Amino acid sequence: MRILLLLIVIIFSSCEDDVVVKPSAMLRLEYSEAKYVPLESDCFFKFMRNENAIIQKKQNCRMNLYYPKMKATLYLTYMKIKGEHQIDSLLYDAQKLTYDHTIKAESIIEQPRIDTLNKVYGMFYMINGNAATQSQFYVTDSVNHFVTGALYFDVKPNFDSLYPAIIYLRNDIRKIMETIKWK
């Protein structure tokens, strides 16, 4: 009788499902298609902005475009050019701020912007890797106006996890650079 009871216990205890290892999956982040509207501002420039961005106006035509769903902010700074030597200084500072991220960046890709019709010249920097910022840019007319921008997320940098948001926001930055006009 004990043998029969032992046999029944063994049979029922061995009836478990096999462990199946599931393949690793990536988080799929999808964002709505960007719709662009004109920036309403008293500043010396105008551009098309994503309507999902919340404008946070600061002093001296500085502003932040905050993207709440992505917890990201594009910081925009405007400076009036006051002479030939200052444009050199502004360009040097914009490039230095970008290349200060080479410690953490895997690569920095430069994309120039030249629009002779609207007198907009600049550079778009795509910073790949776990740097504090994933994109920076500047645009100028080389005589009077200079705008810089830097994209930051409100989380610890993890390029792989943030990649869908980074691509989405890089397209917004390109749109700003393509549509900026001086007043």
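Couple of notes before you dig in:
- The stretch between residue 154 and residue 40, if pulled fully straight at 0.36 nm per residue, gains 38.5 nm over its current Cα-Cα span.
- Per-peptide average of other Cβ atoms within 10 Å, ordering 30-36, 68-74, 156-162 highest first: 68-74, 156-162, 30-36
- Maximal additional length on extending the residue 181-residue 115 stretch stands at 22.7 nm, based on 0.36 nm per residue less the C-alpha distance.
- Region 37-182: C-alpha gyration tensor shape, a/c 1.5 cut-off, then a/b vs b/c: oblate
- Residue with peak Gaussian network fluctuation, the chain [Cα springs, cutoff 10 Å], from 103, 87, 114: 103
- Of 35/181; 58/104; 35/96, pairs whose Cα-Cα distance is over 27 Å: 58/104; 35/96
- Projecting the Cα atoms of 180, 112, 123 onto the charge dipole of region 99-183, computed from C-beta unit charges around the Cα centre, puts 180 farthest toward the positive end.
No lab work stands behind these numbers, since they all come straight from the coordinates. From a predicted model like this one, the values you see are computed outputs, not experimental measurements. All Cβ positions, glycine included, derive from the backbone under ideal geometry; neighbour counts span all protein chains shown.
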